[in-house]
Structures are given as structure tokens and as C-alpha cells.
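Written out below as C-alpha cells is the structure these notes cover.
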Amino acid sequence: MIHVRAERLHRCTLQFEDESLEHATLFPFFKRGGEVERLLVIDPWEGTAWVLPFEPNLMSVPFFERRVKIRTALGALRQLNEDEADKLSELWHFDPWWLLDEEPFDVQPTTPLLKKTNCVDRFAIDNPGLGFRRDLSKVVWLFGGSPRQRNFIRWKPTLLPRRRSRAKESTSQVGHSSWILDPVWQRR
């Protein structure tokens, strides 16, 4: 099966049921095992980002076009907000262009969380790239190296570090104790 390289999803045409976005970028957000859970759509001209959950048969990527067909209406998508960014922060995405460092995304409150999910510099390979299944449901390849000699590595969970679960962090109990301040300048 021919995979879809991440480059095909950068600055391409996204064809929704109700309209098209030109020069938009689609970021699949995936688990450590490679399964795509959510998608982030970025419109650089308007400075807008939308989030949608991944579903089977949601999209198709034609072989010879710089177009991605998405079987939903753009108007039905949720705009990226801090709650959505918080959900995305538990996943990974691949952005070798560091699009979120560009205006107007560099000053948005959701950007710091999303920048931490970029896995581009987590791989011990030069010029990394990712390959997705044609339906964008899963990462299948990590590739890199020089243009003359590309190394292909089948995707496996050990390629990315584990994320700490925030659920564990939020349920930890802190012992209750009382503090007594005794400033030096008030001692006798």
C-alpha cells in the first residue's frame, strides 16, 4: 500500500463538503502507537485552527493531487480553544515546518501546549518524515537520511517517549500541614 507523506498535508487544498481551503495544513494527532485520534486544520490566511475527531472513511487523499477530501462541512468543525488544545496535548503531531511558530499562531494562547506535541526532533534520524495510511488512520513509516539514501523504519511505539499521565498528577494527594512563618527580622 502506498502511504501518504506528511508533506502532502502541508499547504494543500482541503476540500470540505461545503467549501475549500487553499494552502491549508492538516495535522493528524496520534497516539504513541501511531493511531490517529484527532485532526487539526490550519488556515494560515485567516489565522484560524479547527479540530475534529478522526473517524474511519472521513477523508481520502487522491494519488496525484495536492488535495485532501474531507467528508464533513467546514462549518461543522470546532474552532481550536484551550480545552481542545488540552486534549491534543496528550497526543503527538509531526510539523517539520514549525508552522505554529509563524504569525498569527505564535501569539495564540493554545500554541505553547501544541508546540510540545511536535515530535519532529524526537527521532534519532536526519531529515525525518512520516508516512500515514491512505485514510490517515495511522502512522506506518518513519523515514529519513540523505536524499540519496532514505532509511525506512516501520512505525512502532518505542520511537516516541511515553507521556506522563496528567490524570495521575491531578489525583495525587498532598499531605496537609500547617506552616508558621518566622522571619528573621521579627525574631528576638
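Kindly put Phe152, Phe54, Phe64, Phe94 in sequence by how many other C-beta atoms sit within 10 Å of each C-beta, fewest to most. Mind showing how you got there, number by number?
Numbers: Phe152 13, Phe54 18, Phe64 5, Phe94 24.
Listed from fewest to most nearby Cβ atoms, that is Phe64, Phe152, Phe54, Phe94.
For the range 4-163, what is the number of Lys pairs with C-alpha distance below 18 angstrom, counting only pairs 8 or more positions apart or on separate chains?
Here the count comes out as 9.
Rounded to the nearest 5, what % of the DSSP beta bridges within the range 4-163 are antiparallel ones?
Values: 32 of 36 bridges.
Expressed as a percentage, antiparallel bridges in the range 4-163 total about 90.
Just to be sure I understand: of the beta bridges DSSP finds with both ends in the range 11-91, what percent are antiparallel, rounded to 5?
Values: 19 of 22 bridges.
Looking only at bridges with both residues in the range 11-91, the antiparallel portion is about 85 percent.
Based only on Cα atoms, what Rg/Rh ratio does the chain have, Rh being taken as Kirkwood's radius? Mind dumping the intermediate values first?
Numbers: Rg = 20.6 Å, Rh = 18.4 Å.
Result for the chain is an Rg/Rh of 1.12.
Rank Pro28, Pro96, Pro161 by mean-square fluctuation in a GNM of the chain with C-alpha springs under 10 angstrom and give only the top-ranked residue.
Evaluated over the chain, the most mobile residue of the options is Pro161.
Could you calculate the contour length gain from Lys69 to Glu22, that is, 0.36 nm times the residue separation minus the distance between their Cα atoms, to one decimal place in nm? Display every interim value, and only then the final one.
On the way: separation 47, 0.36 × 47 = 16.92 nm, distance 1.23 nm.
Contour length minus Cα-Cα distance gives 15.7 nm.
In nanometres, what is the gap between the two model label sites at Arg150 and Asn81, each 7 Å from Cα along Cα-to-Cβ?
4.1 nm
I want to verify a result. In a Gaussian network model of the chain, Cα cutoff 10 Å, which of these has the top mean-square fluctuation: Gly144, Gly33, Gly75?
Looking only at Gly144, Gly33, Gly75, the biggest GNM fluctuation is shown by Gly75.
How many nm separate the modelled label positions at Arg122 and Val107, each set 7 Å beyond the Cα in the direction of the Cβ?
According to this spin-label approximation, the distance is 3.0 nm.
Could you give me the ³J(HN,Hα) list for the range 45-52, computed from phi with Karplus coefficients 6.51, -1.76, 1.60 and θ = phi - 60°, whole Hz, x at Gly and Pro?
For the range 45-52, the Karplus-derived couplings read 6, 8, x, 10, 10, 10, 10, 9 Hz, x marking Gly and Pro.
Need one number: nm distance between label points at Ser60 and Glu46, each 7 Å from Cα along Cα→Cβ, rounded to one decimal.
2.5 nm
Bear in mind these aren't lab numbers, they're just calculated from the coordinates by the rules spelled out. The structure presented is a predicted model; accordingly, all values stated were derived computationally and were not measured. With ideal geometry, Cβ positions are generated from the backbone for all residues, glycine too; neighbour counts draw on all protein chains shown.
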